[in-house]
Amino acid sequence: MSAIDNLPPLREVIANHQLSARKSLGQNFLLDLNLTAKIARQAGDLSDCDVLEIGPGPGGLTRGLLSEGARKVLALEKDTRCMPALQEIAEAYPGRLEVINGDALEINPLTHLTPPIRIAANLPYNVGTELLVRWLTPPEWPPFWQSLTLMFQREVAERIVAQPGSKAYGRLAILSQWRSDARIVLSLPPGAFTPPPKVSSAVVHLTALPEPRFPADAAILSRVVAAAFNQRRKMLRAALKGVTPGIEDHLIAAGIKPTQRAEEVSLEAFCALAREIEQA
Ligand code: SAM
């Protein structure tokens, strides 16, 4: 029996179901159930929430989420080999775990979930950033989720929480911080995973703000930030030349020096620039 439930330890589950990790699916498993329960606790009070989990694998984090009291977990897993192990968890927590075998990039989970909804995942590295960007850029705000508790490679986690003036500061920081509170809540060494990845990891917790931190049109802000950081070494008057005519005047009106580089410009100033462009 394991530390947190009546199910077998994860090493046994992996051996019983022959779940050798596959690199092509970004599989680095967490086998310490005390650790997965700790990650689940970072997601907040789960007792009145449905939780969407991407990539449950053999179910370590899934068991953490359920033992920490999640009302329901919807788990989307691409690897068919994991289905029997996940079925055993569903039987141990009747009515609280639904598993869908498929690609998280192609499944619309909303018809299977009841708000309030939180998202928690040890993300497959190959689809992690794409999913995060999708969750941060829905057609309407507030989004369908209240919070995201996500494991990333440390370098990606640092890009999410980065501040102006740092190398990590860029599009991901702006997208994350414009409409969410984002912080790193746990750091994990490679040895926490089986097999160990080459780099360290970190858990980031993002809470959706009810309103954007500063007003701006999402599409314009997104276009400006993409252009600014695509050529991050250039002065903004050059990097943003193609975005709209008269960019130099817009930059000045937004309080940004046209000779500045994207890396030096705050989120607030980027939002001011987006408003200037919108009003032109
Ligand atoms: N949650 C487990 C844990 O913490 O031990 C496994 C995490 S492992 C880093 C990522 C998981 O995502 C794997 O189980 C992998 O099969 C699954 N996966 C990879 N790509 C996926 C996709 N496009 N959709 C759903 N699951 C995916």
Below 17 Å, Cα to Cα, which aspartates and glutamates can LYS78 reach? Residues fewer than 8 away in the same chain don't count.
GLU53, GLU98, ASP103, GLU106, GLU130
MRE, 222 nm, helices only [DSSP H, n ≥ 4, -39500 (n - 2.57), over the chain, to nearest 500]:
-10500 deg cm²/dmol
Picking from THR259, THR62, THR111, which is most flexible by a Gaussian network model of the chain using Cα springs under 10 Å?
THR111
Among SER47, TYR93, THR129, flag the residue with its Cα farthest along the positive direction of the charge dipole of the range 1-140, charges on Cβ as +1 for Lys/Arg and -1 for Asp/Glu.
THR129
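Report the FRET efficiency, 1/(1 + (r/R0)^6), for ARG11 and MET83, where r is their Cβ-Cβ distance and R0 is 22 Å, rounded to 0.05. Before the final figure, lay out each step's value.
Values: r = 19 Å, r/R0 = 0.87.
With R0 = 22 Å, the Cβ-Cβ based efficiency is 0.70.
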Net dipole in debye of the range 150-280 [+1 Lys, Arg Cβ; -1 Asp, Glu Cβ; about Cα centre; nearest 20]
500
Calculate, in nm to one decimal, what MET235 and THR259 gain on full extension: separation in residues at 0.36 nm each, minus their alpha carbon distance.
8.2 nm
Take the alpha-carbon centre of the range 77-147, take the same for the range 23-47, and report the distance between them in whole Å.
13
Using +1 at the C-beta of Lys and Arg and -1 at the C-beta of Asp and Glu, which of PRO197, PHE29, ALA104 has the Cα lying farthest in the positive direction of the dipole of the chain?
PRO197
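Return the FRET efficiency for the residue pair ALA21, GLU211: r is the Cβ-Cβ distance, R0 is 41 Å, and the value is rounded to the nearest 0.05. Don't skip to the answer; put the middle values down first.
Numbers: r = 42 Å, r/R0 = 1.02.
Efficiency for this residue pair is about 0.45.
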Please list ARG63, ARG159 in order of solvent-accessible area, largest first, computed with a 1.4 Å probe with all protein chains present.
ARG159, ARG63
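Is there a pair in LYS23/LYS167; LYS38/LYS167; LYS72/LYS198; LYS23/LYS198 whose C-alpha atoms are over 22 Å apart, and which pairs would that be? Display every interim value, and only then the final one.
On the way: LYS23/LYS167 29 Å; LYS38/LYS167 30 Å; LYS72/LYS198 33 Å; LYS23/LYS198 12 Å.
LYS23/LYS167; LYS38/LYS167; LYS72/LYS198, as the Cα separations exceed 22 Å there.
Which order do peptides 16-22, 191-197, 72-78 fall in by mean Cβ count within 10 Å, highest first? Walk me through the numbers before you get to the answer.
Values: 16-22: 12.9, 191-197: 14.7, 72-78: 23.7.
So the order, starting with the most tightly packed, is 72-78, 191-197, 16-22.
Looking at the range 83-152, which GluC sites (Glu not before Pro) are in a loop (DSSP not H, G, I, E or B) and have at most 14 other Cβ atoms within 10 Å? List each step's numbers first, then the result.
On the way: sites: GLU88, GLU91, GLU98, GLU106, GLU130, GLU140; in loops: GLU106, GLU140.
Loop-located and lightly packed - GLU106, GLU140.
Under a 1.4 angstrom probe, counting protein chains only, how are ILE14, ILE117 ranked by accessible area, largest first? Display every interim value, and only then the final one.
Numbers: ILE14 30, ILE117 5 Å².
Solvent-accessible surface, decreasing: ILE14, ILE117.
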So what is the relative contact order of the chain, in percent, for Cα pairs below 8 Å that sit 6 or more residues apart?
15
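Placing +1 at every Lys and Arg Cβ and -1 at every Asp and Glu Cβ, with all other atoms neutral, what dipole size does the chain have around its Cα centre, in debye to the nearest 20? Write out the running numbers ahead of the final one.
On the way: 30 positive and 29 negative charges, 205 e Å.
It comes to approximately 980 debye.
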Cut-off 10 angstrom, C-alpha nodes, Gaussian network model of the chain. Which of VAL185, VAL99, VAL243 fluctuates the most?
VAL243
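The values are calculated or read from the model by the stated rules, or taken from the named source; none is laboratory data. Bear in mind the structure is a predicted one, so any value in this text is a computation, not a measurement. Glycine gets a Cβ as well: all are built from the backbone with ideal geometry, and neighbour counts include every protein chain shown. We work out accessible area using only protein heavy atoms, side chains counted, and drop any ligands, DNA or RNA first. Shrake-Rupley method; radii C 1.70, N 1.55, O 1.52, S 1.80 Å.
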